[in-house]
Amino acid sequence: MKIDRRSFLALSIGSTAGIHLTPLPWKLMDDMSIWTQNWPWTPVPQDGAASYVNSVCGLCTAGCGIRVRKIENRAVKIEGLPGHPVNDGRICSLGLSGLQLLYGGTRVKTPLKRIGERGAGQWQKISWKQVIDEISKKLSEQRKSGNPQTLGAICNSDRGTTSHLLNRFLTVYGSPNFLRTPSVQSSYEIATTIMNGSSGTVGFDLENSDYILSFGSGLLDGWVSPVRMIRAHSIWKDKKARVVQIEPRLSHTAAKADQWIAIKPGTNAALALGIAHVIIKEKLYDKNFVEKYGFGFEEWKDEKGQTHKGFKQSVLENYTPANVAEITGIDVAAIISVAKDFAKSAKPVALCGSGDGGAPVNLNEMMAVHALNALKGAINNKGGLQIVPNPDYILWPESEMDKTASKGIQTERVDGAGGKKYAQARSLLNRLPEVINASSESPLQTLLVYNANPIYTMADSVAVKEAFSKIPLIVSFSPYMDETASYSDYILPNHTYLERYEDSATPYGSVQQLISLARPVVDPLFNTKQTGDVIISLAKAMGGHIAKAFPWKNYRACLEKTLGDKWKTLAEHGYIVAKKDKAPDTASAKFDFAAQAVNTDSKNDAVAPADFKPADLDGDVTAFPLVLIPYDTMRLASGFVGTPPFVIKTVGDYILKENDSCVDINPQTAAKLGLTEGNKVILTTPKNKASVRVHLSEGILPGLIALPRGLGHSAYDKFLAGKGVNFNALYAPMTDPVSGLDMTWGVRAKISKA
Amino acid sequence: MSASDDKLQEGATDSAINAVSRNHEKNEQADNAGGIVILFFIIGLAASMIVGWIVFPKLLYSQKDQPISFSHAIHNLEVEDGCESCHFFREDGTFSGVPKLEQCIDCHEEVQGESADEAYFVEEYVNKGREVPWLIYSRQPDCVFFSHAAHVKKGEMECNTCHGPIEDSDNLKPYQENRLTGVSRDIWGYNIGGFKKNIWDRMKMDDCAECHKKSLGVKDACFVCHK
């Protein structure tokens, strides 16, 4: 027997034939197909029982009700809560993507202490016990030096128990420096205090208006409560209400409005006064309201007996349609027709505050626009502007003060708010960098940052960073590694809004008096703590009268005690709508057309509602021939919360192309500069410069360029960081001479080819 | 013809004879070689059949025991609602599948009886609040959508039509997992050839289609199960 080549051939043929007579090849083929359809590295959602938790969205101030679907202990979807007074089952794209902020990669997972240079990103993990110990010791030492007012806090709101706890901590420590992130609400607060004599929350009954005169408010671009506004838009269409949008750029709001009036930026007050002129001249105003509730419409005398021109006379003399047309660049006929339409409508309303309402407005414009509402009696009436009483459920006993605290709290606020110059303002965060940078030693030695990201959201990022670098101790409570958290010394991460209890009150723009309670949807994922608990722990660690001012065991106990009999309802339903009091009493405080509080001769910067004071932009016109204005889009979050990955994917390539922000520019202007669509250019302002791309748009006035807000982050994750340009980095704030708030509506700029 | 010619002829004959005998030897050799080839063919055939039918399944599947022993038979006697006592439908119509510790605790908060396994279960899982990491025999791969409600509620099928007479089993058989796909062996069935005697012997697509064809008249489209 000889084994040769053929034997092996026979063996292999036999094996091949044999293997095909077994299930092996067929079974393997089947297994391969199962394997390839279920790659083991692809995550498979957990299966289990579904449940829903009702809560409140915490991503903007609108306070929409949410319903979160869970599978076992994992939240899988956020939906709008049906029946909720703000959103009734609807939700915006940001709210919908909230789970990415819970489970995403930008969370700070444990308390951190900086070990490298500030902002270098070198951190050391630290226990809660130790971090409270270290910070309370530092604060005690600082207090012993006799300057408790050098402790400051920045917070997005002065409402809700956490903000109140923080404010209370500052008070008993001895500091008046609780700083609130400004918004259009800050401007309205001041304007209504001056003109209505009350500073409630300003709301707009837009659903019931039949004529909406919007001075640049991005009603459909994320203004105040995007979900409510999209619904209101449908109501306007059904009811044939008329929307007139006044702004230099064709925003979504302008495109969806019945009329778009392209106005020269910064001249809104003049147009409002021009409209008032026509209404008064044609005697179309609400005589009953003006005579019964108005002051200063006709000639008036001040306390010294000096006679002043009334609103009526000033407006009739100075703001003829022809004058206004010249200032604003709008046709005389358009001014007259808008004025007549507004006046002849049954329930008109006028409002201002550009874009999503994140930025304040100059007082001059605010008062002029507000006066239009008064002319038509659209104040505290159906369809008009309503002043909703401020929430009053947080009633804690006065805290005991020691000598240091009593002395410290008497010192003037670091931002000058409520002082001689800016008597009406409650908080002027925008002035902080200027004040710190002007002094050799920072007037704030410790800064606590809660629900705010000032390094990103404040004007002139370079100056803000410089100011922050002079503050020896910065403590951030951010749940995310945002710009400010990355530039702090300690991060004491809060739970995200889906992991904590948090109360909130009537949002700006709402006409309902609302208290909402967010509750934990899932157990905290990481070693984080509710900031309220941290403040209570800090106070307890400091001992003495400071500890005494915080008698609660923890934040939850404090919240339950504070809400009292409301707790049960809130814990069950998530919100309480307060019953409306009797018809609003307008007579008790007259509408002050003269704005006496800020219109006296003793003030150099006197401002009257009937005056238009053009605010000139910084910079040389020849060097910077263009004007850059910001705009908001619903697809980008421009506040302290970063845009989550899902939402950034919805941004069009006329806003963000690859990693470049696009600027809107009129083809006429572009042709003069020799630019075409998509060109990469260098955008220079007196403060900064940036690389952007050109987007040609007929929807912007020649000579202007527009940049979206909400891009240009350096922090957060790879989906957001390094994309586009931050408008806030390109301008220096213009301080309103009376309110002290930032009133920037644009900045001079030039464009050169890259 | 000369002598030399004769010689030549003889020589030629000799060589012819030699050639014939050589041919004969060759034929014999060829016969032998053919046998060897067939032998090798058969060896190949047989070996690969052994590999395919016997060795391959042993290599393909790993075997694990369930974390604790469990008798469906005993439990079935104790409960009132049959299978649905523990494997129930949730309010929203979804099927709970394997019970959670929560259901077990209803009866097993304290040790029942004297078995060591029971004591171990209460100590290790109930007292510590840990879920039992059951190995699930009938879990389909993730690419398959299956609704118990459609079959049991709407189709009024019995559990054991697909799961077999599990209610009579005294213990849990070892769990075999496909090393390639991670899927339980119960899906393909214990017969590696895919042959089945009972409906519940296999849970592959063809088995679904077969029953759909019988009861609904159509095998159904891909998207009925592959969403």
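The values are calculated or read from the model by the stated rules, or taken from the named source; none is laboratory data. None of the values given here were measured: they were computed from a predicted structure. Using ideal geometry, Cβ is built from the backbone for each residue, glycine included, and neighbour counts are taken over all protein chains shown. In case anyone asks, the SASA skips ligands and DNA or RNA and just uses the protein heavy atoms, side chains included. Shrake-Rupley method; radii C 1.70, N 1.55, O 1.52, S 1.80 Å.
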Relative counts (whole %) of C-alpha pair distances in segment A:123-172, using bins that are 10 Å wide: 21, 41, 36, 2
Cα-based equivalent ellipsoid of chain B: semi-axis lengths in Å, sorted from largest, via gyration tensor: 69, 24, 13
Distance (nanometres) between label positions extended 7 Å along Cα→Cβ at B:A46 and A:K649: 6.0
Nitroxide proxy distance, nm - points 7 Å out along Cα→Cβ at A:A333 and A:A547: 7.8
Cα-centred dipole magnitude for segment A:384-491, charges only on beta-carbon of K, R (+1) and D, E (-1), debye, nearest 20: 320
Under 15 Å from the A:E412 label point (7 Å along Cα→beta-carbon), backbone N, segment A:154-195: A:176-177
Residue-averaged beta-carbon neighbours from other chains (10 angstrom radius) around A:709-717: 0
³J(HN,Hα) computed for each position of segment A:536-545 - Karplus, 6.51 cos²θ - 1.76 cosθ + 1.60, integer Hz, glycine/proline x: 4, 5, 4, 4, 5, 5, 7, x, x, 6
Given charges at Cβ of Lys, Arg, Asp, Glu: segment A:626-753 dipole, positive-most of A:G642, A:L701, A:L730: A:L730
Karplus 3J(HN,Hα) series, Hz, for segment A:507-521 with 6.51 cos²θ - 1.76 cosθ + 1.60 (x for Gly, Pro): x, 4, x, 7, 9, 9, 8, 10, 10, 10, 10, 7, 9, x, 8
Heavy-atom accessible area, 1.4 Å probe, ligands and nucleic acids excluded: residues of segment B:81-128 down by at least 10 Å² from chain alone: B:R90, B:D92, B:K100
For chain B, accessible area per residue (1.4 Å probe, heavy atoms of protein chains only), Å²: 68
Fully extended contour minus Cα-Cα distance, from A:S33 to A:E72, at 0.36 nm per residue: 11.0 nm
For peptides A:742-748, B:186-192, sequence by mean Cβ density within 10 Å, most packed first: A:742-748, B:186-192
For segment A:540-583, alpha-carbon Rg relative to the globular expectation (2.2 N^0.38 Å, N residues): 1.66
Rg to Rh, two decimals, where segment A:1-112 supplies the alpha carbon set and Rh follows Kirkwood: 1.47
A/B buried area, accessible surface, summed, 1.4 Å probe, Å²: 2600
Cα gyration tensor of segment A:626-753 - equivalent ellipsoid semi-axes, whole Å, descending: 22, 21, 12
Segment A:403-444: proportion of alpha-carbon pairs further apart than 15 angstrom, %: 48
Kirkwood hydrodynamic radius (C-alpha pairs) into Stokes-Einstein, segment B:135-225, 20 °C and 1.002 mPa s, D in µm²/s: 150
Counted charge near A:L250, where neighbours are those whose Cβ lies closer than 13 Å (Asp, Glu -1; Lys, Arg +1): -2
Selection from A:P43, A:V464, A:W567 lying farthest towards where the dipole of chain A points positive, charges on Cβ: A:P43
Surrounding net charge for A:A405, when Lys and Arg each add one and Asp and Glu each subtract one, Cβ distance under 14 Å: +3
Highest average packing first - A:551-557, A:410-416, Cβ atoms within 10 Å: A:410-416, A:551-557
Within segment B:53-124, GluC sites (Glu not before Pro) in DSSP loop having at most 11 other beta-carbon neighbours inside 10 Å: B:E80, B:E91, B:E109, B:E110, B:E114
Lys, Arg +1 and Asp, Glu -1 on Cβ, resulting dipole of the protein assembly as shown about Cα centre, debye, nearest 20: 2780
Segment A:38-163: radius of gyration and largest Cα-Cα distance (Dmax), Å: 20.7, 67
Inter-label distance, nm, simple model (7 Å from Cα along the C-beta direction), B:M205/B:F88: 3.6
Protection proxy ranking, peptides A:623-631, A:271-279, A:363-371, average beta carbon neighbours within 10 Å, highest first: A:363-371, A:271-279, A:623-631
Reciprocal mean inverse distance between Cα atoms of segment A:149-247 - Kirkwood radius, Å: 16.2
Rounded FRET efficiency, nearest 0.05, which uses the C-beta distance separating A:A671 from B:E131 and R0 of 56 Å: 0.20
Radius of gyration and Dmax over the Cα atoms of segment A:344-427, both given in Å: 18.8, 60
Computed Rg/Rh of chain A, alpha carbon atoms with Kirkwood Rh: 1.05
Scaled radius of gyration (Cα, divided by 2.2 N^0.38 Å) that segment A:605-661 gives: 1.76
